[in-house]
Amino acid sequence: MAGPARLTGEAASGDRPEAIFARNAVALAAAGFAVVPTARDKKKPMVRWARLTTAPRRRTIESWMARPEFASANIGALCGPTGVNVVDVDSNDPRMHAFAREQFGDTPVVQRTPSNGRHYFYRASVEASLIRMYGLPIDLLAGRAFVLLAPSRREDGERYEWLLPPSLTLADAMRALRPIKAAALPSQLARPGLIGPLTDVPIGQRNNTLFRAALNLARRVESAEEVEMHLQIFNEGIRAGPLSDSEVTSIAQSAWRYEIEGRNWSGTGDPANRALDLIGNGSDAALRLFLVLRKCHARRNAAFAVSPAAMAKANVIPNWTKHAFRRARDELVDRRVLVCVHKSRGKGDPSLYEISPHARF
């Protein structure tokens with residue numbers, strides 16, 4: 001594994017803040033990134049960024065580097081002006097990483113995130129972000145979205161890190177980018193997780209429009225912080241003028257309360273109709289098992305077993321055999337309504353499942 005030349009992440013001495021942006025911004029810009037200083041305590045640029053259509057000039061970057069509050073900031077890259085799409089895998093599971101590369105295609109530009117997730121960079125071919133694709137912790141970032149770059153770090157000291165082919169510099173790897181596999185996109189582009197622009201929202205409708213967007217986001221992410229991060233991208237693109245940061249935070253938190261209290265039906269209609277939409281043209285048996293599992297497990301954070309033999313013995317669904325339970329369970333997995341998070345290693349160690357985030361309502 002090799003990293004880009006002239007990018008440094010040395011710790012600061014004494015009480016002096018580490019100058020991550022000041023030391024690395026010019027080199028990252030030269031490699032092809034549209035860089036902006038980004039707050040360490042939030043994944044949010046410290047400058048107005050959503051209306052930038054081209055990369056900041058070197059003179060602008062150097063003026064940011066000279067400001068103490070920016071010099072020690074993390075480094076973010078704007079997807080649109082950089083000309084990239086980024087597949088953000090928010091999981092440390094190697095199977096999830098392999099799934100993403102299989103779906104979207106191989107790429108020479110990869111980052112390890114502080115939580116051991118992955119950022120896969122591709123040449124831009126999509127203009128709007130997609131959240132929680134396939135019901136998994138995978139986001140496709142595009143347009144006004146941004147991504148943190150190595151050697152940025154979290155408050156706990158854990159860093160982003162480049163995972164590059166040994167034979168390539170970061171600049172060479174960026175020039176070698178290819179678009180995402182076309183086959184990964186068509187069905188997703190029609191999904192309600194699509195994040196489109198809100199540029200023409202009238203001043204009197206900004207709060208209501210952002211709240212509806214927040215409710216939609218809350219169904220597809222894992223925390224109020226994620227809702228706020230994506231909502232800030234919406235907010236920055238409003239031509240009539242964005243709301244204040246505090247207003248956006250309040251809207252995100254309110255939408256998240258609706259979600260965790262089970263009151264968020266945004267984009268779903270009636271719950272029964274939502275279940276039918278999830279299963280699509282699947283079997284009645286799969287729909288029936290899903291409704292049972294949802295009732296028992298949708299609001300819990302723990303993984304659970306789906307043992308066909310045990311469920312048949314307990315008569316969870318009257319007159320079902322273990323074979324009926326197995327067929328219905330496997331169909332839910334195939335449709336990505338259930339996700340297997342632990343594969344059985346033998347007797348006494350059952351496979352464990354979770355309901356996909358997009359199926360929790």
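Determine, yes or no, whether ALA150 is more than 30 Å from ILE355 (Cβ to Cβ) and of a type in the set (A, V, I, L, M). Walk me through it before giving the result.
On the way: more than 30 Å from ILE355 (Cβ to Cβ): yes; of a type in the set (A, V, I, L, M): yes.
It is true that ALA150 is more than 30 Å from ILE355 (Cβ to Cβ) and of a type in the set (A, V, I, L, M).
What helices (runs of 4 or more DSSP H) completely inside region 272-361 contain at least 3 residues that are modelled with pLDDT of 90 or more? Before the answer, list the steps.
On the way: elements: 284-297, 308-313, 322-334.
Once the helices (runs of 4 or more DSSP H) in region 272-361 are filtered for at least 3 residues that are modelled with pLDDT of 90 or more, what remains is 308-313, 322-334.
For region 100-153, list the strands (runs of 3 or more DSSP E) that sit wholly inside it and hold at least 2 residues that are within 13 Å of the chain's Cα centre (by Cα) and either at pLDDT 85 or above or in the same structural domain as ASP90 (by TED's automatic domain parsing) (or both); which are they? Before you say what the answer is, go through the steps one by one.
Working: elements: 110-112, 118-123, 138-141, 146-149.
So the answer is 118-123, 138-141, 146-149.
To keep it simple, each residue is scored yes or no on (1) farther than 26 Å from ASP156 by Cα; (2) basic (Lys, Arg).
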position	(1), (2)
GLU62	yes, no
ARG67	no, yes
ALA71	no, no
VAL87	no, no
PRO94	no, no
HIS97	no, no
GLN103	yes, no
VAL110	no, no
THR113	no, no
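For region 131-149, does any single residue satisfy the condition of being surrounded by fewer than 20 Cβ atoms within 10 Å (Cβ to Cβ) and of a type in the set (Gly, Ala, Ser)?
No, region 131-149 contains no residue that is surrounded by fewer than 20 Cβ atoms within 10 Å (Cβ to Cβ) and of a type in the set (Gly, Ala, Ser).
Out of VAL201, VAL248, VAL227, report the one residue that is surrounded by 14 or more Cβ atoms within 10 Å (Cβ to Cβ), over 18 Å from PHE146 (Cα atoms), β-branched (Val, Ile, Thr) and modelled with pLDDT of 70 or more.
Working: VAL248 fails: over 18 Å from PHE146 (Cα atoms); VAL227 fails: over 18 Å from PHE146 (Cα atoms).
VAL201 is the lone residue from the list that is surrounded by 14 or more Cβ atoms within 10 Å (Cβ to Cβ), over 18 Å from PHE146 (Cα atoms), β-branched (Val, Ile, Thr) and modelled with pLDDT of 70 or more.
Kindly indicate the residue of region 74-99 that is among the hydrophobic types (A, V, I, L, M, F, W, C) and in a helix (DSSP H, G or I) and also surrounded by the fewest Cβ atoms within 10 Å (Cβ to Cβ) among those meeting that condition.
Residue satisfying both the conditions and the ranking: ALA98.
Answer yes or no: is there a residue in region 48-63 that is in contact (Cβ under 8 Å) with a residue 12 or more places away in the chain, in a helix (DSSP H, G or I) and touching a helix residue (DSSP H, G or I) at 6+ places or on another chain (Cβ under 6 Å). Outline the logic, then answer.
Let us first name the residues in region 48-63 that are in contact (Cβ under 8 Å) with a residue 12 or more places away in the chain, namely 48-56, 58, 61-62.
Checking the rest, the ones that are also in a helix (DSSP H, G or I) come to 58, 61-62.
Okay, now just the ones that are also touching a helix residue (DSSP H, G or I) at 6+ places or on another chain (Cβ under 6 Å), so 61.
Yes: region 48-63 contains one or more residues that are in contact (Cβ under 8 Å) with a residue 12 or more places away in the chain, in a helix (DSSP H, G or I) and touching a helix residue (DSSP H, G or I) at 6+ places or on another chain (Cβ under 6 Å).
The values are calculated or read from the model by the stated rules, or taken from the named source; none is laboratory data. Because the structure is predicted, anything quoted here is derived from the model rather than measured. Because the Cβ atoms are built from the backbone with ideal geometry, glycine has one as well, and the counts that use them run over all protein chains shown.
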